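Peer 1: I'd like to ask you about the structure that follows.
A short reminder: the numbers here are calculations on the coordinates, not readings from a lab. What you see is a predicted model; the values in this text were computed from it and never measured. Positions of Cβ are backbone-derived with ideal geometry, glycine not excepted, and every protein chain shown enters the neighbour counts.
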Amino acid sequence: DAGVIQSPRHEVTEMGQEVTLRCKPISGHDYLFWYRQTMMRGLELLIYFNNNVPIDDSGMPEDRFSAKMPNASFSTLKIQPSEPRDSAVYFCASSLIGQGGEKLFFGSGTQLSVL
Amino acid sequence: EDKVVQSPLSLVVHEGDTVTLNCSYEVTNFRSLLWYKQEKKAPTFLFMLTSSGIEKKSGRLSSILDKKELFSILNITATQTGDSAVYLCAVRGEAYNTDKLIFGTGTRLQVFP
């Protein structure tokens, strides 16, 4: 299995631009999570999906952030418009919960820099 | 509010030393506690603990959970430079029909030769 695949690996953009981060979870996993990691706040859960349905988006910082999961093999996290304070590493993770598989498998992350 | 607190924030040791990393938590309807190791990029899974008093072991690493006192420890014996990483503790609870994995800010371990 290729694991969780994220793209791009690095994104540098200017303030005000739209940013789209992409994630392909591990095949067969029914949960997908988006996390943001910064030095100050550590790993923060932004939103998670179960069977493609958003379950909890209380961690999404504001309306500039949106996430979709149109099918079981693809999810996007969009920031529009982006701001310098959005600079962080964004991780996508997937898991198969309910069958003793509560552990998350993380992608390699997207390093976002907003100038 | 659910929270996970790790200590110490940072630890510097020499190869061969033994270290103990701490994780305390407050979470609604606790389900499990997980330890992850993060070296450069993605965190990688180490242990999942659900029952008190049962030690999980993998080589030089071991971990145990105390559900009464709401904490867990991660022990690393005979440390090596390859153990240098950030160690993350995460707790899964269940509240309001959702089950989130909440992470602590991590303990940064540096092992010098």
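Peer 1: Which of A:Lys103/B:Lys56; A:Lys68/B:Lys40; A:Lys103/B:Lys37 have a Cα-Cα distance over 20 Å? Mind showing how you got there, number by number?
Peer 2: On the way: A:Lys103/B:Lys56 15 Å; A:Lys68/B:Lys40 27 Å; A:Lys103/B:Lys37 13 Å.
In this structure, A:Lys68/B:Lys40 lie more than 20 Å apart at Cα.
Peer 1: Then there is this: Starting from 0 in steps of 5 Å, tell me what percent of the Cα-Cα pairs of the protein assembly as shown lands in each bin.
Peer 2: Per 5 Å bin, starting at 0, the Cα pair percentages come out as 1, 7, 14, 18, 18, 17, 12, 8, 4, 1, 0.
Peer 1: Related question: When the Karplus curve 6.51 cos²θ - 1.76 cosθ + 1.60 is applied with θ = phi - 60°, which whole-Hz ³J(HN,Hα) does each residue of segment B:25-41 get, with x for Gly and Pro?
Peer 2: Per residue, the Karplus-derived 3J(HN,Hα) values read 8, 9, 8, 7, 6, 3, 10, 6, 10, 10, 10, 10, 10, 10, 8, 10, 10 Hz.
Peer 1: Could I ask something else about it? 7 Å from Cα along Cα→Cβ at both A:Arg41 and B:Ile54: what's the point-to-point distance in nm?
Peer 2: Inter-label distance under the simple model: 3.6 nm.
Peer 1: Could you bin all the Cα-Cα distances of chain A into 10 Å bins starting at 0 and give me the percent of pairs in each, rounded to whole numbers?
Peer 2: Result returned by the calculation: 15, 50, 29, 6, 0.
Peer 1: Return the percentage of antiparallel bridges among DSSP beta bridges fully within chain B, rounded to the nearest 5 %.
Peer 2: The antiparallel proportion sits near 90 percent.
Peer 1: At most 10 other Cβ atoms within 10 Å plus a DSSP loop assignment makes a site exposed; report the longest stretch of chain B without any exposed trypsin sites (Lys or Arg not before Pro).
Peer 2: B:69-113
Peer 1: Restricting to DSSP loop positions (anything but H, G, I, E, B) with no more than 12 other Cβ atoms inside 10 Å of their own Cβ, which GluC sites (Glu not before Pro) remain in segment B:1-99?
Peer 2: Answer in residue order: B:Glu1, B:Glu39, B:Glu55, B:Glu69.
Peer 1: Provide the percentage of antiparallel DSSP beta bridges, counting only those with both residues in chain A; round to the nearest 5.
Peer 2: The answer is about 90 percent antiparallel.
Peer 1: Let me ask something else about it. Give me, ordered by chain and number, the residues 5 or more places off A:Asp56 or on other chains with an amide H under 5 Å from its own placed amide H.
Peer 2: Those lying under 5 Å, H to H, from A:Asp56 are A:Tyr48.
Peer 1: Also, quick follow-up: Return the equivalent ellipsoid semi-axes of segment B:1-97 as a descending list in whole Å, where each equals the square root of 5 times an eigenvalue of the C-alpha gyration tensor.
Peer 2: Three semi-axes, in Å: 24, 14, 12.
Peer 1: With the contact rule set at Cα under 8 Å and sequence spacing of 6 or more, what percent relative contact order holds for chain A?
Peer 2: 37
Peer 1: Which trypsin sites (Lys or Arg not before Pro) from segment A:17-115 combine a DSSP loop assignment with at most 12 other Cβ atoms within 10 Å? Before the final figure, lay out each step's value.
Peer 2: Values: sites: A:Arg22, A:Arg36, A:Arg41, A:Arg64, A:Lys68, A:Lys78, A:Arg85, A:Lys103; in loops: A:Arg41, A:Arg64.
For trypsin sites (Lys or Arg not before Pro) across segment A:17-115 that sit outside H, G, I, E and B with at most 12 neighbouring Cβ atoms in 10 Å, the list reads A:Arg41.
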